[in-house]
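S.K.: Following this message is one structure expressed as structure tokens.
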Amino acid sequence: MLKPKTKWRTVSEMTNEAESLATTLGIAPLVAQLLINRSMNTIERAERFLNVNDQPFNDPFLMKGMRETVDRIQQAITNQEKILVFGDYDADGVTSTAILMSVLREIGANADYYVPNRFTEGYGPNVPALHNAKEEHQTLVITVDTGISAIDEAEAARELGLDFIITDHHQPPTRLPNAFSIVNPHQEDCLYPFKGLSGAGVAFKLAHALLGRVPEHLLDLTVAGTIADLVPLVEENRLIAVRGLTQLEHTERPGLRALLDVSGIAGKKLTAEDVGFTIGPRLNAVGRLDSATPAVRLLLTDKEEEADELANVLEETNRARKRLVDEIADETMEQIEREFPPEDHWFLLAAKEGWNPGVIGIVASRLVERYHRPAIVMSIDEKTGLAKGSARSIEGFDMYRHLAQCSDCLDAFGGHPMAAGMTVKNDRIGELRRRLNELAREGLTEADLVPTKHVDVVCSVDDVSLSLIEQMSRLEPFGTDNPPPTVWIENARLTQIKKVGSDANHLKAVLSGSETSVDAIGFQWGSIGDELSINAKTSVVGRLQVNEWNGFRKPQIVLEDVSVDHWQLFDFRNERNAASKLAMLPEEKRLYVAFRSDTRDQKRFETLGKPFFCLQEQTVTAEQLCGRYVVLLDVPHNVEAMKKLFQNAAPDRIYAVFHHDATNFFSTLPTRDHFKWLYGLLLQRKTLNLGHHAESLAKQKGWSIETVLFMAEVFEELEFATWKNGILTAADRPQKRELSESQLVKERKRQAEVEHLFCYASSSSLKNWFETILDESEMLEEAVQK
């Protein structure tokens, strides 16, 4: 048995609706179900989703404020006014800045840009920056990816005589800034049909309106901001992603080419994952650690040498960011384990002076991944006595609502159910931790503290094929609201298990169905290989992909979780390092069992721990065996002893070691012809000096010495001869008796049965035997309960 690490929850069961959609569209029912799960539950919606590249972009002038904004920008160009683009320091912000700057330059505007410093200015437009714009004789300020909450800043701009235009995609507050115009699809009574654009997407639509055509040449920038900002990859964002990834692969922008090169993904077919996990973090890194301006410069430069130089700056900064995150994460987890152990704290809050506030959100996410509890990481400023915090949550705990319940502890906060930011006085951190922990205890259950794995479809190994995976790929690019499909393969038989990698830290396996098989790979799952046995019936959750190697293409599943819901047999009979591997089993689960009193004294077992039971000296109850990992160290004297051990017990696992003395215990079982030949020789010679000639007799017949000596013991037992001081002497006129009367022969046959079953039978035969015994135990247990 192997319990999964997560709770598996299916999005929906296969429906008749899926069968109908599959027939109409000519796709696999599993793919049709995936479309339905993504709300593509009509033929029209499904076809539009699958054929997104054929869809047009929305009219940008449907967006509220777009006409006024375009007219004001064209007026500024006509009047040769200086325009300032005010951006943000994350990947969406810097790409938004680059998009608007590119189109403004293209249409002849006199424009410059400004991105605030996270550490000295904070988020969003600020009054000092507006004063600086006035001093630079800039008359029009246009925000990108920010500004929707800049009420005070809009008033300051008006007082300074600056026209202030806001382009943003964040949710507007109840009261909007008094700006010249606002372009944001979330505005009340905005007619734009798609609300999920990123900041880069809104800037792209402004470029669309300014040019009077779709700015295809800006899609490489737009796709980077769109995917990095984790907006829903559906509808128009999906169109941006599909066309943008192609544009990004063949970009002529020196900065993006250099960034693809230093990232190691130049020249490949790009995916949303490449942007989200490779391009996005590098664009984000400079703004997390210092100024984001180098990222904007990289995206705007037309000089190859400058592009290479700036790309290397982003690469080195990202490496530094990774090191910093790792260091802070290690310190955070050490603080949590030492001072606020997760078993006692259902809400985790770590704080320290000097932690970089630009990366604490990433660290908070690490805490949630590690402990699956809502978490806050805070950076304390010693000079101000204030701590800035970043929060991440889990399903079932609304972070924003619970922070609101603690608002009297906070100087400021904002966010949504799964993530938030806040500022708190240093001396209030302890009180905030205590109250949030109480709220977590009240609102969460222990089941909530186990992560959930959402499964899109359930299938068998025989359902998996190259055709199915290729059809699933039509749902790409994957991202928010269109995640990579997660499949649950039920009742697969494990026919191969192998650890791979330089440190054996990855797992390769083969899952077999009734007709086909599929390869499985588990990255960083090497240790799980020790908890899976050959031929176990296994259920797995993961992502399907095509594995290409040397021109061959095969289906493969990338493992995300594994479950075995029945007992398992682990064959350690030929395992050289059995003792060391057994010692790694959880002490609360393992149970060492020996049938012979001298087994515990064997050198190979001297390092074994407890609990240890010798059945010659004590008994093991069914309660002690049930649910445990039972380690069978040696073989029983007979098969019945093994049956008796498990007659009322069902362990989770059986580890078969079956130590035995092969030179003594399992020597050749003589046949009737063996006895006939040796007895004939004895009658002929009257005496045999086995002390001197047993070895030569054994070599002559191809037997073992033990076989010769055993037959001598049987002759003596049946009174066919006497055996003294190594001399075997034939009896005079012995009584006629059958070999079957010999207790020694009976015992040796029983030993041969034990030998064949427990020591030399195949793993599958041994498992089948235990299966029968355990099935009988379960039937007996059920009968008793009834």
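S.K.: Condition first: among the basic types (K, R) and either buried (at least 22 other Cβ atoms within 10 Å of the Cβ) or assigned to a loop (DSSP other than H, G, I, E, B) (or both). Now tell me which residues in the stretch 360-387 satisfy that. Full working, then the answer.
M.R.: First pass over the stretch 360-387, keeping only residues among the basic types (K, R): 366, 370, 373, 383.
Hits for the stretch 360-387 are R373, K383.
S.K.: Here is a further query. Provide a single number: the residues in the stretch 265-285 that are of a type in the set (V, I, T) and closer than 15 Å to G225 by Cβ.
M.R.: Of the residues in the stretch 265-285, 3 are of a type in the set (V, I, T) and closer than 15 Å to G225 by Cβ.
S.K.: E316 versus (1) assigned to a helix (DSSP H, G or I); (2) in contact (Cβ under 8 Å) with a residue 24 or more places away in the chain: which is the lone unmet condition?
M.R.: Status for E316: all satisfied but (2).
S.K.: Then there is this: If A440 passes every condition in (1) touching a Phe, Trp or Tyr at 6+ places or on another chain (Cβ under 6 Å); (2) surrounded by fewer than 19 Cβ atoms within 10 Å (Cβ to Cβ); (3) assigned to a helix (DSSP H, G or I) but one, which one does it miss?
M.R.: So the condition that A440 fails would be (2).
S.K.: Restricting attention to the stretch 201-235, report how many residues are farther than 25 Å from T78 by Cα and open to solvent by less than 10 Å² (accessible area, probe 1.4 Å).
M.R.: Residues that pass the stated criteria total 10.
S.K.: Sticking with this structure for a sec: Suppose the filter is open to solvent by 20 Å² or more (accessible area, probe 1.4 Å) and modelled with pLDDT under 95; does A447 pass it? Reasoning before the result, please.
M.R.: Details: open to solvent by 20 Å² or more (accessible area, probe 1.4 Å): yes; modelled with pLDDT under 95: yes.
Answer is yes for this residue.
S.K.: Just name the residue that is farthest from the chain's Cα centre (by Cα) out of those in the stretch 278-320 that are basic (K, R) and modelled with pLDDT of 95 or more. Give the steps one after another, and end with the answer.
M.R.: Here is the first cut: in the stretch 278-320, the residues basic (K, R) are 282, 288, 297, 303, 319.
Right, trim to modelled with pLDDT of 95 or more and you get 282, 297, 303, 319.
Details: R282: 23, R297: 36, K303: 41, R319: 23 Å.
The selected residue is K303.
S.K.: Let me ask something additional. Touching a Ser or Thr at 6+ places or on another chain (Cβ under 7 Å) and surrounded by fewer than 18 Cβ atoms within 10 Å (Cβ to Cβ), is that true of I43?
M.R.: yes
This table checks each residue for (1) farther than 12 Å from K64 by Cα; (2) charged (D, E, K, R).
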site: S181; (1), (2): no, no
site: P193; (1), (2): no, no
site: G201; (1), (2): yes, no
site: D220; (1), (2): yes, yes
site: V223; (1), (2): yes, no
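S.K.: Does E153 satisfy being at pLDDT 95 or above and within 24 Å of P357 (Cβ to Cβ)? Let's see the steps before the verdict.
M.R.: On the way: at pLDDT 95 or above: yes; within 24 Å of P357 (Cβ to Cβ): yes.
Criteria met by E153.
S.K.: Moving to a separate point now. Tell me the residue from G161, G147 that is in contact (Cβ under 8 Å) with a residue 24 or more places away in the chain and either acidic (D, E) or in contact with an Asp or Glu (Cβ under 7 Å, 6 or more places away or on another chain) (or both), please. Reasoning before the result, please.
M.R.: On the way: G161 fails: either acidic (D, E) or in contact with an Asp or Glu (Cβ under 7 Å, 6 or more places away or on another chain) (or both).
Every option except G147 fails the conditions.
S.K.: I need the full set of residues from the stretch 505-536 which are farther than 20 Å from D571 by Cα, open to solvent by less than 50 Å² (accessible area, probe 1.4 Å) and in a loop (DSSP other than H, G, I, E, B), in order please.
M.R.: Those that are farther than 20 Å from D571 by Cα, open to solvent by less than 50 Å² (accessible area, probe 1.4 Å) and in a loop (DSSP other than H, G, I, E, B): N505, G513, W525.
S.K.: Sort out which residues of the stretch 667-706 are in contact (Cβ under 8 Å) with a residue 12 or more places away in the chain, among the hydrophobic types (A, V, I, L, M, F, W, C) and open to solvent by 50 Å² or more (accessible area, probe 1.4 Å), and write them in order of number.
M.R.: The answer is L669, W677, L683.
S.K.: Right, next: Go through (1) within 24 Å of V630 (Cα to Cα); (2) of a type in the set (S, T, N, Q); (3) at pLDDT 90 or above one by one and return the number of the condition S742 breaks.
M.R.: (1)
S.K.: Further, regarding this structure: For the stretch 160-186, which residues satisfy the criterion of being over 20 Å from A76 (Cβ atoms) and more than 38 Å from the chain's Cα centre (by Cα)?
M.R.: Correct list: T174, R175, L176.
S.K.: Kindly state which helices (runs of 4 or more DSSP H) lie completely within the stretch 22-85 and contain at least 2 residues that are touching a residue at least 24 places away in the same chain (Cβ under 8 Å) and under 30 Å from the mean Cα position of the chain (by Cα). Before you say what the answer is, go through the steps one by one.
M.R.: On the way: elements: 29-37, 43-50, 66-78.
Fully inside the stretch 22-85 and qualifying: 29-37, 43-50.
S.K.: Which of the residues spanning the stretch 578-594 are open to solvent by 10 Å² or more (accessible area, probe 1.4 Å) and either modelled with pLDDT of 90 or more or in a loop (DSSP other than H, G, I, E, B) (or both)? Write out each step before concluding.
M.R.: Start the filter on the stretch 578-594 by keeping residues that are open to solvent by 10 Å² or more (accessible area, probe 1.4 Å), which leaves 579-581, 583-590.
Answer for the stretch 578-594, where residues must be open to solvent by 10 Å² or more (accessible area, probe 1.4 Å) and either modelled with pLDDT of 90 or more or in a loop (DSSP other than H, G, I, E, B) (or both): M584, L585, P586, E587, E588, K589, R590.
S.K.: Quickly run through the stretch 407-437 and pick out the residues that are in contact (Cβ under 8 Å) with a residue 24 or more places away in the chain and closer than 22 Å to D448 by Cα. Steps first, please.
M.R.: Within the stretch 407-437, the subset in contact (Cβ under 8 Å) with a residue 24 or more places away in the chain is 409, 411, 415, 417-427, 429, 432-433, 435-437.
Answer for the stretch 407-437, where residues must be in contact (Cβ under 8 Å) with a residue 24 or more places away in the chain and closer than 22 Å to D448 by Cα: G415, P417, M418, A419, A420, L432, R433, R435, L436, N437.
S.K.: Do we find a residue being within 30 Å of V234 (Cα to Cα), in contact with a strand residue (DSSP E or B) (Cβ under 8 Å, 6 or more places away or on another chain), open to solvent by 80 Å² or more (accessible area, probe 1.4 Å) and not in a strand (DSSP E or B) anywhere in the stretch 478-496?
M.R.: No: the stretch 478-496 contains no residue that is within 30 Å of V234 (Cα to Cα), in contact with a strand residue (DSSP E or B) (Cβ under 8 Å, 6 or more places away or on another chain), open to solvent by 80 Å² or more (accessible area, probe 1.4 Å) and not in a strand (DSSP E or B).
S.K.: Hey, another quick one. In the stretch 322-357, what residues are among the small types (G, A, S) and either closer than 23 Å to R428 by Cβ or open to solvent by 30 Å² or more (accessible area, probe 1.4 Å) (or both)? Break it down into steps so the answer makes sense when it comes.
M.R.: Residues of the stretch 322-357 among the small types (G, A, S): 329, 350-351, 354.
Residues satisfying the conditions are A350, A351, G354.
S.K.: I'd like the full set of residues that are open to solvent by 30 Å² or more (accessible area, probe 1.4 Å), under 11 Å from G691 (Cβ atoms) and part of a loop (DSSP other than H, G, I, E, B), limited to the stretch 707-731.
M.R.: N725
S.K.: Here is a follow-up. Assigned to a helix (DSSP H, G or I), buried (at least 24 other Cβ atoms within 10 Å of the Cβ) and of a type in the set (D, E, K, R), is that true of R297?
M.R.: Working: assigned to a helix (DSSP H, G or I): yes; buried (at least 24 other Cβ atoms within 10 Å of the Cβ): no; of a type in the set (D, E, K, R): yes.
For R297, the condition - assigned to a helix (DSSP H, G or I), buried (at least 24 other Cβ atoms within 10 Å of the Cβ) and of a type in the set (D, E, K, R) - is not met.
S.K.: Out of everything in the stretch 396-424 that is surrounded by 16 or more Cβ atoms within 10 Å (Cβ to Cβ) and more than 19 Å from G361 (Cα to Cα), what residue ends up being nearest to the chain's Cα centre (by Cα)?
M.R.: Filtering first and then ranking leaves C406.
S.K.: Do you know which residues across the stretch 97-113 are in contact with a Ser or Thr (Cβ under 9 Å, 6 or more places away or on another chain) and in a strand (DSSP E or B)?
M.R.: Kept after step one, since they are in contact with a Ser or Thr (Cβ under 9 Å, 6 or more places away or on another chain), are these residues of the stretch 97-113: 99-100, 113.
Answer for the stretch 97-113, where residues must be in contact with a Ser or Thr (Cβ under 9 Å, 6 or more places away or on another chain) and in a strand (DSSP E or B): just Y113.
S.K.: If you take the residues of the stretch 89-114 that are in contact with a strand residue (DSSP E or B) (Cβ under 9 Å, 6 or more places away or on another chain) and open to solvent by 10 Å² or more (accessible area, probe 1.4 Å), which of them is farthest from T139 (Cα to Cα)?
M.R.: Filtering the stretch 89-114 for residues that are in contact with a strand residue (DSSP E or B) (Cβ under 9 Å, 6 or more places away or on another chain) and open to solvent by 10 Å² or more (accessible area, probe 1.4 Å), the one farthest from T139 (Cα to Cα) comes out as R105.
S.K.: Output the number of the condition that D462 fails; it satisfies all remaining conditions of (1) among the acidic types (D, E); (2) more than 20 Å from the chain's Cα centre (by Cα); (3) farther than 26 Å from L494 by Cα.
M.R.: Only one criterion is unmet by D462, namely (3).
S.K.: In addition: Please work out which one of (1) in a helix (DSSP H, G or I); (2) in contact with a Leu (Cβ under 8 Å, 6 or more places away or on another chain) is the condition F413 fails and give its number.
M.R.: F413 satisfies every listed condition except (1).
The values are calculated or read from the model by the stated rules, or taken from the named source; none is laboratory data. The shown structure was predicted, so the numbers you read here are calculated from the model rather than taken from an experiment. All Cβ positions, even for glycine, are placed from backbone atoms using ideal geometry, and neighbour counts span all protein chains on display. Heavy atoms of the whole protein, side chains included, go into the accessibility calculation; ligands, DNA and RNA do not. Shrake-Rupley method; radii C 1.70, N 1.55, O 1.52, S 1.80 Å.
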